[in-house]
Amino acid sequence: MEPDLDYPAISDLAARARRRIPRFAWEFLDSATGEETTKRRSADALDGIIFRTGVLKGSMETDLSTTFMDRDYPMPVGIAPVGMSGLMWPDAERRLARVGAELRIPYAMSCVSSRTPEHVADVLGEQGWFQLYPTRDTGIRRDILDRAKAAGFHTLILTVDVPVASRRERQRRARLTNPPKLTPSIIWQAATRPVWALGILRTGYPRLRLMDEYARSLASGPSPGESRSSTDHIGYLLRTAPDFEYLAGTMAEWNGPVVVKGVLNGDEAAAARDAGAAAVWVSNHGGRQFDAAPASADALPEIRAAVGPDYPLIFDSGVRSGLDVLRAIALGADFVFLGRAWHYGLAALGVAGARHVAHIL
Ligand code: FNR
């Protein structure tokens with residue numbers, strides 16, 4: 001196999017990933033919400049950024065390295081938080097954390113991962129960022145943040161663009177539940193993807209292992225072990241509409257850099273900066289939350305203008321190539337994350353596929 005010839009683009013990895021994982025896992029990874037116009041708009045907006053070219057310049061020195069939020073990176077890209085990563089590929093969290101450490105780029109772990117912070121602690125190296133959805137209960141927040149810190153995560157991401165669940169029509173059609181109910185269709189989908197299925201047998205069925213613990217301790221009424229009650233409780237625990245007071249409380253508790261993720265306008269970015277956020281993450285959640293959201297690339301120039309030239313800005317949503325990274329930087333980003341792309345690579349070719357994503361970028 002020659003990845004550079006067989007899979008020269010991230011879309012090639014996506015095509016192979018689709019053949020290697022069950023339909024419900026693919027639909028979870030690849031889908032957005034509604035008619036997926038925000039997802040398309042995000043990619044189209046990046047495609048629409050063209051450069052003024054130059055020729056006859058003599059030798060060209062390229063240097064991808066950067067210093068961002070007081071840390072040095074060999075290139076300005078990171079692995080965005082993806083919930084239930086382990087559904088896309090067995091033990092994805094640990095594998096991607098390792099890739100992040102090896103490449104010396106950030107690995108952001110979602111609080112709705114299928115693994116706990118402790119499970120990846122020994123492979124994080126210096127690259128651990130932890131993502132939190134605003135918990136309803138600040139005691140749970142304190143406990144999660146203590147655990148993330150103890151596991152070695154140094155930067156906290158507070159994701160603020162999920163006040164309620166979105167509809168995610170493709171996921172509904174694929175009958176995705178957490179954990180997936182073992183209907184004949186789900187079993188068939190898994191059985192026809194043997195490499196995935198055998199891996200899952202080894203690593204255990206993906207569940208929201210961190211949040212399940214809190215959901216269980218709060219569950220009352222139906223048996224706490226029951227999957228439906230557990231999922232409902234996690235939704236109840238995490239789908240909240242946070243405000244600046246919540247952000248202040250989170251910053252006080254984390255006592256380290258806090259990034260606000262999911263901002264799409266200049267006023268709010270400036271307000272987050274003024275409130276003490278270490279960086280703002282310009283994102284429409286890969287089009288998964290609101291199908292009338294602007295493309296991140298369309299929102300970014302206004303946000304850069306609002307926060308000034310030196311304030312750290314992160315960009316994501318729709319990035320599929322090194323050229324897209326360059327486009328985001330040209331529009332005012334300092335650092336760029338990708339969510340789906342790493343999982344396409346991992347599901348296509350295992351860890352080598354995730355490394356290949358970095359190579360392509
Ligand atoms: C996400 N994203 C996300 N974001 C977050 O803050 N917490 C989370 O748990 C998740 N979960 C999640 C699951 C899946 C399957 C996807 C695809 C995405 C959003 C993610 O961090 C990032 O904003 C987008 O993935 C960026 O868009 P691209 O790179 O996938 O186009």
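The values are calculated or read from the model by the stated rules, or taken from the named source; none is laboratory data. The structure presented is a predicted model; accordingly, all values stated were derived computationally and were not measured. Positions of Cβ are generated from backbone atoms using ideal geometry, with glycine treated the same way; all protein chains shown enter the neighbour counts. Areas reflect the complete protein model, heavy atoms only, side chains present, ligands, DNA and RNA absent. Shrake-Rupley method; radii C 1.70, N 1.55, O 1.52, S 1.80 Å.
Quick notes on this structure:
- Consider the range 16-50 and keep the residues that are in a loop (DSSP other than H, G, I, E, B) and open to solvent by 50 Å² or more (accessible area, probe 1.4 Å). The one that is farthest from the ligand (Cβ to nearest atom) is Ile50.
- Complete set of residues in the range 233-251 that are open to solvent by less than 80 Å² (accessible area, probe 1.4 Å), in a helix (DSSP H, G or I) and within 20 Å of Arg142 (Cβ to Cβ): His233, Ile234, Leu237, Leu238, Tyr246, Leu247, Ala248, Gly249, Thr250, Met251
- Exactly one residue out of Val336, Val319 is within 14 Å of the ligand (Cβ to nearest atom) and in a strand (DSSP E or B): that is Val336.
- Residue match in the range 69-85 (condition: open to solvent by 40 Å² or more (accessible area, probe 1.4 Å) and assigned to a helix (DSSP H, G or I)): no
- Hits in the range 165-191 (condition: over 30 Å from Met69 (Cβ atoms), part of a loop (DSSP other than H, G, I, E, B), touching a helix residue (DSSP H, G or I) at 6+ places or on another chain (Cβ under 9 Å) and not hydrophobic (A, V, I, L, M, F, W, C)): Arg168, Arg175, Thr177, Asn178, Pro179, Pro180, Lys181
- Total residues in the range 78-106, condition within 9 Å of the ligand (Cβ to nearest atom) and either acidic (Asp, Glu) or out of contact with any Gly (no Cβ under 7 Å at 6 or more places or on another chain) (or both): 6
- When Ile157 is tested against the conditions (1) buried (at least 20 other Cβ atoms within 10 Å of the Cβ); (2) touching a helix residue (DSSP H, G or I) at 6+ places or on another chain (Cβ under 9 Å), the lone failure is (2).
- Selection of the range 108-146 for residues being open to solvent by 10 Å² or more (accessible area, probe 1.4 Å) and within 13 Å of the ligand (Cβ to nearest atom) yields Val112, Arg115, Tyr133.
- Qualifying positions in the range 264-285 - of a type outside the set (D, E, K, R) and open to solvent by 10 Å² or more (accessible area, probe 1.4 Å): Leu264, Asn265, Ala270, Ala271, Ala275, Gly276, Ala278, His285
- Ala174 being open to solvent by less than 20 Å² (accessible area, probe 1.4 Å) and more than 16 Å from the ligand (Cβ to nearest atom): no
- Just one of the listed residues (Arg273, Arg304, Arg288) is in contact with a Ser or Thr (Cβ under 7 Å, 6 or more places away or on another chain) and of a type in the set (Lys, Arg), namely Arg288.
- Within the range 322-333, the set of residues being open to solvent by 30 Å² or more (accessible area, probe 1.4 Å) and either free of Cβ contacts under 8 Å to residues at least 24 places away in the same chain or in a helix (DSSP H, G or I) (or both) comprises Leu323, Leu326, Ile329, Ala330.
- Criterion violated by Arg304 - all others in (1) within 22 Å of Ala43 (Cβ to Cβ); (2) in contact (Cβ under 8 Å) with a residue 40 or more places away in the chain satisfied: (2)
- Residues located in the range 147-164, provided they are part of a loop (DSSP other than H, G, I, E, B), within 16 Å of the ligand (Cβ to nearest atom) and of a type outside the set (Val, Ile, Thr): Phe153, Asp161, Pro163
- Scope the range 334-350; condition hydrophobic (A, V, I, L, M, F, W, C) and open to solvent by less than 10 Å² (accessible area, probe 1.4 Å); matching residues: Phe335, Val336, Phe337, Leu338, Ala341, Trp342, Leu346, Ala347, Ala348
- From the list Asp334, Asp316, Asp291, the one residue that fits, being under 15 Å from the mean Cα position of the chain (by Cα) and acidic (Asp, Glu), is Asp316.
- The condition of being at pLDDT 95 or above, in contact with a Pro (Cβ under 8 Å, 6 or more places away or on another chain) and open to solvent by less than 90 Å² (accessible area, probe 1.4 Å) does not hold for Tyr7.
- Here the condition is being within 18 Å of Pro81 (Cβ to Cβ) and of a type outside the set (A, V, I, L, M, F, W, C); of Gly322, Gly339, Gly353, Gly276, it holds for Gly339 alone.
- Looking across Arg304, Arg288, one residue alone is among the basic types (Lys, Arg), open to solvent by 10 Å² or more (accessible area, probe 1.4 Å) and away from the ligand (no atom under 15 Å from the Cβ). It is Arg304.
- Scanning the range 180-209 for residues that are out of contact with any Ser or Thr (no Cβ under 8 Å at 6 or more places or on another chain) and basic (Lys, Arg) returns Arg193, Arg202.
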